[in-house]
Amino acid sequence: MDRDSPEVEDYEEVSVPEECELAEYDDAPAEAPLEGGGVEWRAGTSDRLTVEALRGTFGRPPVPSGFRMGQEALLFNQTACDYVVERGEEGHESAVIRVYGVTGEGHSVLCRVHGFLPYFYVAAPADWDESVLESFREALESTMAKFAGDERHGAADAVVGVSLVERRSVLYYRPEAEGGKFVRIAVRTPAQLRQAANLLRDGHVMRMPFELYDSTIDHVLRFMIDKDMVGCSWVELPAGSYTPLPDAALLSNTQIAVEVSWEWLTSHAPTKEWLRSAPLRILSLDIECAGRKGVFPEPDKDSVIQIACHVSVYGGSAALHRAVFTLNTCAMIPGVHVYSFDDEAELLQAFRNFCVAVDPDILTGYNIVNFDLPYLLNRAAHLRASRFPFLGRVRLARTQMRKTKMSSSAFGTHDSMVFSIEGRVVMDMMQVIIREYKLRSYSLNSVASEFLDEQKEDVHYSIISDLQAGNEHTRRRLAVYCLKDAYLPQRLMEKLLALTNYTELARVTGVPLDWLLSRGHMVKVVSLLHRKATRVGLLVPDLPRKQGDSGGGGDSGPQYEGATVIEPKKGFYRMPIATLDFASLYPSIMMAHNLCYSTLVRESDVKRLRPEDYVRSPLGHCFVRPTVRKGILSVILEELLQSRKVAKRDMAAATEPFLKEVLNGRQMALKISANAVYGFTGASTGKLPCMEISASVTAFGRQMIELTKNAVESMYPGAEVVYGDTDSVMVKFGDDIRLERVMALGAEAAAALTRRFPPPVKLEFEKAYFPYLLISKKRYAGLLWTRPEQHDKMDCKGIESVRRDNCRLVANVVSAVLRKLLVDQDVDGAIEFVKRVVSELLQNKIDLSLLVVSKTLTRDVEKYEAKQAHVFLVEKLRKRDRGSAPGLGDRVPYVIIKGATKDEKAYMRAEDPIYVLENGTPIDAQYYLENMLRKPLERIFSAVMKRPEQLFSGAHTRSIHVTAPRAGSGITKFAKFRLQCVGCRAAINEAELARLGLTGTALCAHCRQREPEWYRKTLHQAVALEKQYNALWTQCQACMGSCVQDVLCSNGDCPIFYRRRKVQKDITEAYATLARFSDAW
Amino acid sequence: MATDENGRVAGTVTQRAHAAYTNDDAECGFVEAEGDGAVPNFFQQYSQTYFCRLAEVRRFFQQAAPDAYVSLSEVPTGTASTVIGVIYKQMPLKPSVLREYAGDVMLPVPEVKRANYVSDEDRVFIEDETGRTELCLASAGDKDGLVSGVVMAVRGTQMEDGRLRVEELRYPPTAPLPPPPPSTTLPKSADGSVDTEPLYACFLSDIDPTAARAQLLLDYLTGNLGIDLPRVRRIARVVIAGNIGDSDAADAFLANLAASVPVDLLPGDRDPVRSAWPQRPFHRILLPRAATPGKTALTRCSNPHTFTLHGRRFLGTSGQNVDNLMRFSRVTSTTEALHRLLRYRHVAPTAPDTLVCQPVWRRDPLLIRHLPQVFFSGNADAFAAQTVSLPLPSAISSTDAAAMDTAAPAECASVLLLSVPRYAASGAAVLLDLQTLQVQLLRVDDLP
């Protein structure tokens, strides 16, 4: 089920509360019983759907009997990693790393890795030597035991190793102290690590506080870094190094389960033959819930009625399996395994068994993280289906979820769920799309239309209940719909190359695949930084986290003066404007000036340096030159950009399409990662914020833009920089100048200026705008040319108002205007067009769907404080019919109608578009004109004409047509309804017509002379409507995939939804009017 | 006698031969029965149209073999079974109103009309009330003649991927012959013997009434030309299969013609009538003179139009059905299209999918319930006529229903398929001898 969740963007994780389990399985057994022996917890159960039985149909290809486990090397593509703390035979706790993956042949693997100990560092006092270590160890251990209390008796020998090592801190260049002493402390479990670190930091050990290093890094990431293992890499266990897991069948749900000591495991760098991916299995799912009218489904009240599953293999587009689990009977669906149940708990269990039997590596769907999966878990808990929450690859591990807070700059903080489904990566396509794309709406409808270029049938949940309550055929109808919704996310994943791109991002940044979605952006840089630092003997200090200013939502972007732009000289430029761009500006600044934690010199240390050894940034911060010490960030960036060059080169050479996609995914991942490094240094709530670096970067950037402007204007007399953005300047080389010439000058200027900047800073000329409409800061549009023969596209920045509370009319008019201005270069045409639209709007000729605004009801109506149109409308609709009124989570579409009195506020005049269509309610055209169209259009036209307000006044605004409310509605209910003459609109006097012996009531006696003309006119309208009716309703049948069933779709995002409704009414009226022309002889 | 503007007396032919005629449009539901005034309910969706069509054709199938069929939801895996359903052809090239609106809603661009919308990416589905399944046809050629909206029986086996591997596609049983006319209507000559001389119906379509050629034809048919009078006298009725327009010239042309000879006027795709099938007859307002009762013998007919003339049953259209079938299939000849329509038992199966029609509630009026003897369509690029023979229901055994193409069944009915050319372009009309069902081309340009 696709429920709109609040539309958010730029997720950034702010905090992850440790204990926040939601589903409570109060009387679930401590250990999950073993399945395979039949399901005994409900009478009349369907024993056939055990995991074993389902494996027969849906299982992975069997491991060949010839495979001698342990004796030959085991090679697999790792997809997920986690760790579990276990108590060993000697009574010690230890953290076992678990690596999950798939072999090249598609067999699933669980690899338990023993012996890797968590460790961290503290700065050692200068006078420490080896002799102190043992007493330090004892002091730490005893303090830990004291603080842990009785239940932590394992803490008695928690500290396994303490050693003195020589390292450096990554922070600051210290002229005198190259190489410092640090104590490396190894413990048995990550929890002990945290405990030890906190005690040391807070001064509980040896009565002194210690500075911590490398202590906050996740255990799994630490392991991966030390093994040089990146996300989604191929892992090899040499022959003889590993052993089959004893009792594998009892402990794991994978086909191959082995144990290995951590030293033996090797990971291949993801290049050449290790670029490929194993045949990963993807399970896409969608659930439908029984709905009560007007109420969002609640897991303790509303049943799960269907679960549809679509199984595919990565790289293959055809479905491997399709299955649907239904409550109550369901007629057969060709090509789909249909399993029907009388008992909902059995249904859930069968789905769970199916999931284990299919054994997917990736679980996907649309909004499954915040709807489908939590609903299933909560519902199972409510039904006490205690064997349900075991969906992962570890047999006895209960699937758990917890809330985590994600915050974004635009929408504040939101809760999201995180799941522990061992060995399976949850990749919710809604989260992927929210992270990667900025859209007007994130409903599955809009997303499908945006990326798959098709409209999705949308069945409202009130109809879902009706279908469920019907017979096996209506439920089949529902199942087909549900299957489609399970298939769409998989298609989106394929189309957007989500898995490919995320795999490459995991490989490039070195983090496990699932972290990319479940954790914030910064973890990628953390991984990169630690990987590089570890290799060169640097330690990352763990600074106390700054408490984010509460409620601020953790906007983690830099908080200081950002990149200023050169003031735009607004206007409509009809000559070519060259754009000079700095390629990868921020990364290249960091490299050029060696800006890094490890090169930053504290002010007190500066005087000890020779002047030629450092540079001072425009803000006064000092960084040593690479000749003294090369910054680690520079090294990271160099490697990323170098790899990107290689990836781009390989991509150009690649012939296989899949390989091309992978390499493209990689080069994009590398670019994203390079840009993230700057953001990491500036993230105030991040792990290692360093404003000296980030502020210096932007300061250098501003300086370079200024320098470019001055240089260009002095190099080319008559040239003028009309605008400068963060990393580009727009140059007008002259008033009357050809495009070819501008392109040549642009290339020349870029090359000349590049020589003035330190490498690798590079100014590039790649494009010119011609013509160019500059409106204001960050708002411009133009035709973009990269070669003089043909323009590439129309490029708009900050104009096409994607604001969610706008109606479609705005975006459509704006884009049509821009096309007229830029492509046709027809200013008068654009003005005429706007006037026409304004006039049509006032005459009520604009299609209603263009005027619809929709907003999601995100909380109960009562909980809204501010008066909002959609909330007000919901209240109104509830009074009208409680049953069909929108409920929580529903999108509420509305239009603004004319008020009964002058002082009705706009929000009070929101009305249901369908109601408006059916009753002919007059639209408040003036509202749309003033509040929707005026501002964006005036903004554009202010660059083109002197008095843009003329667009909204004048002759074309005089003709106003207000729809008369339909007879029988509202105020006209009691007025006598009189026919109007089709010709002159005068009232028809039927008695007079009869006296004159005239039949038919279409025309008054006066208009009879022109009867054929009026008939033709009326007929013409009717014929147009017939064609429209036909085109619209057959389109819906085609989209729905059925012609014998009624169209039920209620997808208000679809451009034809309201048209389809309107034409029914219009054509009925047209036919009625035609019938008034007498057909008597 | 009517006169035209020039005071010229029209209809100089006296003793025009008579042929008994009944208009069966209302009986077939092409026009609403009088007084009923049934306005189509547009709040009714097209699903009901398909539903009625499927249910009725299924009965046709089941009359021959009541128990031979299963619904799509009952198709067993592994063994062959037979289902009856509506064919739906998914065609990427098919015009889409969504595509039209997807671009710029403010300035929608209607899609370019193509001569043919078939592509190799077309997929064929069969659907009944219980679901829709894709067909896996034995050869690509099998889908060439198929169009959306036809009801067929398919024998096949369910495949792993859910598609139905087709072993056999079956047409519905042929429509039964109409009951014989109540009395023998064959005209007798004065001496009481059966008149065996040729007796003609003249078929025309697409007339430009302002063209000289049209005047020539008018003068010929009314006898004003004074030539070929013995034959002209034997033309008992003129059928105009669409497209004459509603100009004054058209009104005059029809008034003059119908004053001399009975005329059936079908509306065509460019005529001013409602476009939804069945198309309503011309409104009298548009033809004030030609439609004057008592003065002319003009029958304003629906499209499609069905009538009985000289004891022969006719069914025909002004050609949009044939044109549409040919655009959405690989059928290339109009007679083959007509033949297929007869076998599909539907005048216009592509309605509503690609041909505009009214939604119906109880009964699909466009189904062919009785076999005509002449099945015609107008506005063809070229004249064509072909007599085909179809097995009558009683002659079809339940097992070899599909064999009708190859083996000659015991009892057959012949139907004349007649493709009426555009007169404006070709200058040709068709004379059909009602006695023998022989056809000849009448070219006014070639007259002596």
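One residue stands out in the stretch B:93-117 among those that are more than 11 Å from chain A (Cβ to nearest Cβ) and open to solvent by 20 Å² or more (accessible area, probe 1.4 Å): the one that is modelled with the lowest pLDDT, namely B:Val109. Being over 25 Å from B:Leu298 (Cα atoms) and at pLDDT 85 or above is a description that applies to B:Tyr50.
When residues in the stretch A:601-647 are screened for being surrounded by 15 or more Cβ atoms within 10 Å (Cβ to Cβ) and of a type in the set (Lys, Arg), 4 of them pass. Is it true that some residue in the stretch A:787-796 is buried (at least 16 other Cβ atoms within 10 Å of the Cβ) and in a loop (DSSP other than H, G, I, E, B)? Yes - at least one qualifying residue is present in the stretch A:787-796.
For the stretch A:744-757, the set of residues classified as part of a helix (DSSP H, G or I) and open to solvent by 20 Å² or more (accessible area, probe 1.4 Å) consists of A:Ala744, A:Ala747, A:Glu748, A:Ala751, A:Ala752, A:Thr754, listed by residue number. Looking across the stretch A:445-471, the residues that are hydrophobic (A, V, I, L, M, F, W, C) and under 24 Å from A:Gln490 (Cβ atoms) come down to A:Val447, A:Ala448, A:Phe451, A:Leu452, A:Val459, A:Ile464, A:Leu467. So for the stretch B:66-80 (the condition being more than 9 Å from chain A (Cβ to nearest Cβ) and open to solvent by less than 30 Å² (accessible area, probe 1.4 Å)), does at least one residue qualify? Looking for residues that are more than 9 Å from chain A (Cβ to nearest Cβ) and open to solvent by less than 30 Å² (accessible area, probe 1.4 Å), one finds none in the stretch B:66-80, hence no.
Return the residues of the stretch A:810-863 that are basic (Lys, Arg), in contact with a helix residue (DSSP H, G or I) (Cβ under 7 Å, 6 or more places away or on another chain) and more than 14 Å from chain B (Cβ to nearest Cβ); say none if nothing qualifies. Selection gives A:Lys855 alone. Can you confirm whether the stretch A:1027-1050 contains a residue that is more than 11 Å from every other protein chain (Cβ to nearest Cβ), under 30 Å from A:Leu478 (Cα atoms) and not hydrophobic (A, V, I, L, M, F, W, C)? Scanning the stretch A:1027-1050 turns up at least one residue that is more than 11 Å from every other protein chain (Cβ to nearest Cβ), under 30 Å from A:Leu478 (Cα atoms) and not hydrophobic (A, V, I, L, M, F, W, C). Of the residues A:Ala397, A:Ala350, the single one that is over 22 Å from A:Val418 (Cα atoms) and either away from chain B (no Cβ under 14 Å) or open to solvent by 10 Å² or more (accessible area, probe 1.4 Å) (or both) is A:Ala350. Somewhere in the stretch A:274-297, is a residue over 26 Å from the mean Cα position of the chain (by Cα) and acidic (Asp, Glu)? No - not one qualifying residue is present in the stretch A:274-297.
When A:Thr1068, A:Thr1034 are screened for being crowded, with 22+ Cβ neighbours inside 10 Å, among the hydroxyl-bearing types (Ser, Thr, Tyr), without any contact (Cβ under 8 Å) to a residue 12 or more places away in the chain and over 17 Å from B:Asp246 (Cβ atoms), only A:Thr1034 passes.
Checked across the stretch B:242-262, the condition of being farther than 20 Å from B:Tyr21 by Cα and touching a Gly at 6+ places or on another chain (Cβ under 7 Å) holds for at least one residue. Scanning the stretch A:173-207 for residues that are surrounded by fewer than 20 Cβ atoms within 10 Å (Cβ to Cβ), touching a residue at least 12 places away in the same chain (Cβ under 8 Å) and either assigned to a strand (DSSP E or B) or on the phi > 0 side of the Ramachandran plot (or both) returns A:Gly179, A:Gly180, A:Lys181, A:Arg184, A:Ala186, A:Met206.
One line per residue, one yes/no per condition, for (1) within 19 Å of A:Thr189 (Cα to Cα); (2) in contact with a helix residue (DSSP H, G or I) (Cβ under 9 Å, 6 or more places away or on another chain); (3) assigned to a helix (DSSP H, G or I):
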site	(1), (2), (3)
A:Phe210	no, yes, no
A:Leu221	yes, yes, yes
A:Asp228	no, yes, no
A:Cys232	no, yes, no
A:Pro246	no, no, no
A:Leu250	no, no, yes
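Taking each residue of the stretch A:744-768 that is among the basic types (Lys, Arg) and looking for partners that are in a helix (DSSP H, G or I) and open to solvent by less than 30 Å² (accessible area, probe 1.4 Å) with beta-carbon atoms closer than 7 Å, six or more apart or interchain, yields A:Arg756/A:Ala711; A:Lys762/A:Ser588.
For the stretch A:995-1008, a residue qualifies if it is open to solvent by less than 70 Å² (accessible area, probe 1.4 Å) and aliphatic (A, V, I, L, M), and the qualifying residues are A:Leu998, A:Ala1002, A:Leu1003, A:Ala1005.
Give the residue, chosen from A:Asp792, A:Asp847, A:Asp890, that is charged (D, E, K, R), within 34 Å of the chain's Cα centre (by Cα) and outside the structural domain of A:Arg934 (by TED's automatic domain parsing). The match here is A:Asp792.
Figure legend. Inter-residue proximity from the stretch B:285-296: first residues within 9 Å of another protein chain (Cβ to nearest Cβ) and surrounded by fewer than 22 Cβ atoms within 10 Å (Cβ to Cβ), second residues at pLDDT below 90 and not in a loop (DSSP other than H, G, I, E, B), beta-carbon distance below 8 Å, spacing 6+ or different chains. Indicated pairs: B:Ile285/A:Glu1011; B:Ile285/A:Pro1012; B:Pro288/A:Pro1012.
Residues in the stretch A:906-920 that are modelled with pLDDT of 85 or more and under 18 Å from A:Leu841 (Cα atoms): A:Arg909, A:Ala910, A:Glu911, A:Pro913, A:Val916. Name the single residue that is nearest to B:Thr130 (Cα to Cα) among those in the stretch A:1042-1051 being touching a residue at least 60 places away in the same chain (Cβ under 8 Å) and open to solvent by 30 Å² or more (accessible area, probe 1.4 Å). Result: A:Gln1045. Could you tell me whether A:Ala331 is farther than 17 Å from A:Leu283 by Cα, touching a His at 6+ places or on another chain (Cβ under 6 Å) and open to solvent by less than 10 Å² (accessible area, probe 1.4 Å)? Considered against the rule, which asks whether it is farther than 17 Å from A:Leu283 by Cα, touching a His at 6+ places or on another chain (Cβ under 6 Å) and open to solvent by less than 10 Å² (accessible area, probe 1.4 Å), A:Ala331 comes out as yes. Quick check, is A:Ile434 within 30 Å of A:Gly798 (Cα to Cα) and not charged (D, E, K, R)? Against the criterion (within 30 Å of A:Gly798 (Cα to Cα) and not charged (D, E, K, R)), A:Ile434 qualifies. Confirm whether B:Gln90 is within 11 Å of chain A (Cβ to nearest Cβ), open to solvent by 30 Å² or more (accessible area, probe 1.4 Å), touching a residue at least 12 places away in the same chain (Cβ under 8 Å) and within 23 Å of the chain's Cα centre (by Cα). No: the conditions fail for B:Gln90. Taking every residue in the stretch A:453-478 that is within 14 Å of chain B (Cβ to nearest Cβ) and under 24 Å from B:Asp128 (Cβ atoms) and pairing it with any residue that is assigned to a loop (DSSP other than H, G, I, E, B) and of a type in the set (A, V, I, L, M), at least 6 positions away or on another chain, the pairs with Cβ-Cβ distances below 6 Å are A:Glu472/A:Ala331; A:His473/A:Ala331; A:Arg476/A:Ala331. Going by the conditions given, is A:Ala719 farther than 29 Å from A:Arg602 by Cβ and at pLDDT 90 or above? Taking the combined requirement at face value, the residue does not satisfy it.
The values are calculated or read from the model by the stated rules, or taken from the named source; none is laboratory data. Here the structure is a predicted model, which is why all the values come from computation and not from measurement. No Cβ is skipped: glycine too gets one built from the backbone with ideal geometry, and neighbour counts run over all protein chains shown. Accessible surface areas use protein heavy atoms only, side chains included; no ligands, DNA or RNA. Shrake-Rupley method; radii C 1.70, N 1.55, O 1.52, S 1.80 Å.
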